[in-house]
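Taking it in order: structure first as structure tokens, then the write-up.
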Amino acid sequence: MVDRAGLARDALAKRIAGEIVLSSDAGKVISKWRNIFKIPQRRLADEMGIMPSVISDYENGRRSSPGIKVVRKMVNAMLVLDERAGGKVIKEFSEWPAKTGLSEAILDLKEFEVPVSVREFCKAVDAAVVARCDLLDNKIHGYTIIDSLKAIIDIPPFELVKLYGLTSERALVFTGAHRGKSSMVALKVTNLKPGLVILHGAEAVDDLAKRIAEIEDIPLAISRIRNLDEMIASLKKTFGG
């Protein structure tokens, strides 16, 4: 008999560990997942057998990124604590992308074998950057193309994090985004921080969307490609798929 619970646990463990290791800001990724599991710093530290200040130092950048042994221990502690509480988070993620709202909201998703710069990605989708132009050399590891209306209306805030695929260091492309306000507010409220946000179908960008991008250090751009199929074709031609 297939141990589905064990497979789900292992898959989530690999996802979290991979995201921490690949991220240029491991502390923020640790903080994001700790909050998804709703685990206080002290409780996580107790489970790991370390001082709470160590967790705080990682999350606030006072310590360099943890090594793989520490990452493995930290991820296992999160999963153990979730299992003791009934395994809600593990179960939620094991159902992705089977849930109708999420699967319908994601139009395309890809992980890059080799990271690309924000500049390279914007060129592939003919996008003009309107906020955080100083971050064009940052690297991203994949992209997700999202139907913004379905994502905002049909997906609970808890599940929005699943738009990230394997890592948050990716481009989120919101189609039908209009002026981008709702998309950026959703990211802010759910504490999601992608490496790049592209608005497709927008004529201009809302001032609040720009302010959120500036505050959160998220490059924000508008794609000038009108047709969604053309955008997807351009991405596949440029990055494979």
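Could you check the simple spin-label distance between LYS73 and LEU136, using points 7 Å along Cα→Cβ, in nm with one decimal?
4.3 nm
Need the list of aspartates and glutamates near LYS236 for cross-linking: C-alpha distance under 12 angstrom, and skip anything on the same chain fewer than eight residues off.
Here the aspartates and glutamates satisfying the reach criterion relative to LYS236 are ASP108, GLU111.
Give the lysines reachable from LYS69 as a straight Cα distance under 24 Å; neighbours fewer than 8 places away on the same chain don't count.
LYS14, LYS28, LYS32, LYS38
In deg cm²/dmol and to the nearest 500, what is the mean residue ellipticity at 222 nm of the chain if only DSSP H runs of at least 4 residues count, each as -39500 (n - 2.57), divided by the residue total?
-15000 deg cm²/dmol
Output wanted: per-residue J couplings in Hz (rounded whole) for segment 47-54, from phi through Karplus 6.51 cos²θ - 1.76 cosθ + 1.60, θ = phi - 60°, x for Gly and Pro.
Using θ = phi - 60°, the values come out as 5, 7, x, 10, 6, x, 4, 5 Hz.
Under 19 Å between alpha carbons, and skipping anything fewer than 8 positions from LYS188 in its own chain: which aspartates and glutamates qualify?
ASP25, GLU59, ASP147, ASP154, GLU159, GLU169, ASP206, ASP207, GLU214, GLU216, ASP217
Using Cα pairs closer than 8 Å and at least 6 residues apart in sequence, work out the relative contact order for segment 4-94, in percent.
It comes to 38 percent, rounded to a whole number.
What distance in nm separates the simple spin-label points at THR238 and GLU111, each placed 7 Å from Cα in the Cβ direction?
Reported label-point gap for THR238 and GLU111 is 2.2 nm.
What trypsin sites (Lys or Arg not before Pro) does segment 192-241 have in DSSP loop regions with at most 16 other beta carbons within 10 Å?
Passing both the DSSP loop test and the Cβ count: ARG224, ARG226.
Give a quick list of trypsin sites (Lys or Arg not before Pro) in segment 10-42 that DSSP marks as loop, anything other than H, G, I, E or B, with at most 16 other Cβ atoms within 10 Å.
Those that pass, being in a loop and sparsely packed, are LYS38.
Across 10 Å bins from 0, what is the distribution of all Cα-Cα pair distances for the chain, in whole percents?
Histogramming the chain at 10 Å steps yields 7, 32, 35, 20, 6, 0 percent.
We did not get these values from a lab; they are worked out from the coordinates using the rules stated. Remember, predicted model here, so these are calculated numbers, not experimental data. Every residue, glycine among them, receives a Cβ derived from its backbone with ideal geometry; neighbour counts consider all protein chains shown.
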